[in-house]
1. Pop a pseudo-label 7 angstrom from the Cα along the beta-carbon direction at both PHE207 and GLN266 and give the gap in nm to one decimal.
2. Which residue, GLY34, GLY285, GLY123, has the most motion in a Gaussian network model of the chain that connects Cα atoms within less than 10 Å?
3. Determine the per residue accessible area of region 27-75 with all protein chains present and a 1.4 angstrom probe, expressed in square angstrom.
4. Work out how much length LYS36 to MET223 would gain on full extension: take 0.36 nm times their residue separation and subtract the Cα-Cα distance, in nm to one decimal.
5. Carbon and sulfur atoms: what percent of the 1.4 Å accessible area of region 1-91 do they account for?
6. How much length would be gained if the chain were fully extended between VAL10 and GLN339, taking 0.36 nm per residue of separation minus their Cα-Cα distance, in nm to one decimal?
7. Looking only at Cβ-Cβ distances, which cysteines of the chain have no other cysteine closer than 4.7 Å?
8. ASN302 to ASP119: FRET efficiency via 1/(1 + (r/R0)^6), r the Cβ-Cβ distance, R0 30 Å, to the nearest 0.05?
Amino acid sequence: MKERLEALRVEALQELQQVGGPQQLNDLRVKYLGKKGALTEILRGMGSLSAEERPVIGQVGNEVRAAIEEVIEAKQAAFQQAETENRLREETIDVTLPGKKLGAGSIHPLNKVAQEIEDAFIGMGYTIAEGPEVESDFYNFEALNLPKNHPARDMQDSFYVTEDILMRTHTSPVQVRTMKATNGKPVKVICPGKVYRRDDDDATHSFQFNQIEGLVIGPNIRMSDLKGTLLQFVQQMFGKQAQIRLRPSFFPFTEPSAEVDVTCVQCGGHGCRMCKQTGWLEILGCGMVHPRVLEMGGYDPNEVSGFAFGMGVERIALLKYGIDDIRHFYTNDLRFLSQFVRM
């Protein structure tokens with residue numbers, strides 16, 4: 001049996017030296033070391049040996065197994081190394097090649113314009129105040145001199161949640177909340193945010209849009225202060241050549257009230273199709289805060305006065321960039337939005 005084991009060792013090592021691949025190597029492992037392999041078959045005959053011969057033959061069998069396993073492991077490591085080197089050659093990445101350029105995004109034009117408006121007023125000493133978009137009827141209407149059944153409420157069709165809760169139609173409720181929170185102290189704030197009205201979507205209207213309103217309250221606030229503030233804002237947004245004019249108007253929460261026009265951004269005030277040959281474009285509404293609104297906010301109209309103004313961010317963006325349809329801002333068309341990357 002010892003001679004058979006030695007012969008098996010020689011035969012196995014010779015075959016292993018000539019093995020050509022991982023699959024052949026595995027076949028030889030099964031052939032010699034498997035459960036039904038040649039070495040197992042020989043060692044099954046140990047039962048017929050004497051007690052003195054069994055340890056000797058067992059030791060020889062273990063040596064044969066170890067010799068065969070050692071060569072198999074060495075061959076397997078060599079095949080794995082060769083496979084790794086081959087993959088590295090075939091899958092080499094040239095790191096010196098230029099990569100694919102990723103397109104840079106940009107701030108949405110409405111956000112950009114809103115930030116510019118905020119920066120303009122922050123530079124004049126204003127702070128930003130915010131409030132809820134789901135508002136009570138009191139803050140949205142009554143505190144702004146619009147009691148129930150007031151005919152002026154027909155000016156704004158609204159999205160009501162309940163009889164007394166609605167989606168705010170302007171950011172004016174934030175002004176009221178700010179007045180009540182300051183306990184009669186001077187106020188100088190702007191109120192940006194989304195507002196909601198039951199408008200049909202078209203080139204100039206949307207059921208949801210962005211608005212920024214401003215409020216200043218203190219002793220001896222005059223209409224001339226309002227005009228100077230708006231002129232400075234307009235020239236910062238549209239250039240030093242821009243001028244404004246105020247036209248008498250009506251808002252329930254201001255008295256007197258005015259619409260503000262800016263010289264046409266396209267023709268510079270000479271008259272064109274965009275401004276309908278007038279040389280002016282309407283941009284916002286404003287006025288002196290109504291005494292009743294001051295009282296509702298906790299102020300004595302005999303001691304203080306104030307002015308307020310409000311503008312649509314979309315309206316300013318339309319004029320600033322010469323866009324003819326408000327819906328472009330909401331359709332997520334990259335052909336439109338990518339134009340603002342360069343701005």
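The values are calculated or read from the model by the stated rules, or taken from the named source; none is laboratory data. None of the values given here were measured: they were computed from a predicted structure. Note that we place each Cβ from the backbone using ideal geometry, even for glycine, and neighbour counts take in every protein chain shown. Just so you know, the surface numbers come from the protein's heavy atoms only, side chains and all, with ligands and any DNA or RNA stripped out. Shrake-Rupley method; radii C 1.70, N 1.55, O 1.52, S 1.80 Å.
1. 3.0 nm
2. For the chain, modelled as a Gaussian network with Cα springs under 10 Å, the answer is GLY34.
3. Numbers: 2980 Å² over 49 residues.
On a per-residue basis, 61 Å².
4. My answer for the length gained is 56.7 nm.
5. On the way: 3050 of 6170 Å².
Taking all protein chains in place, region 1-91 shows 50 percent carbon and sulfur surface.
6. Working: separation 329, 0.36 × 329 = 118.44 nm, distance 7.92 nm.
Extending this stretch completely gives an extra 110.5 nm.
7. When partners are defined as cysteine Cβ atoms under 4.7 Å apart, the chain leaves CYS191, CYS286 without one.
8. 0.25
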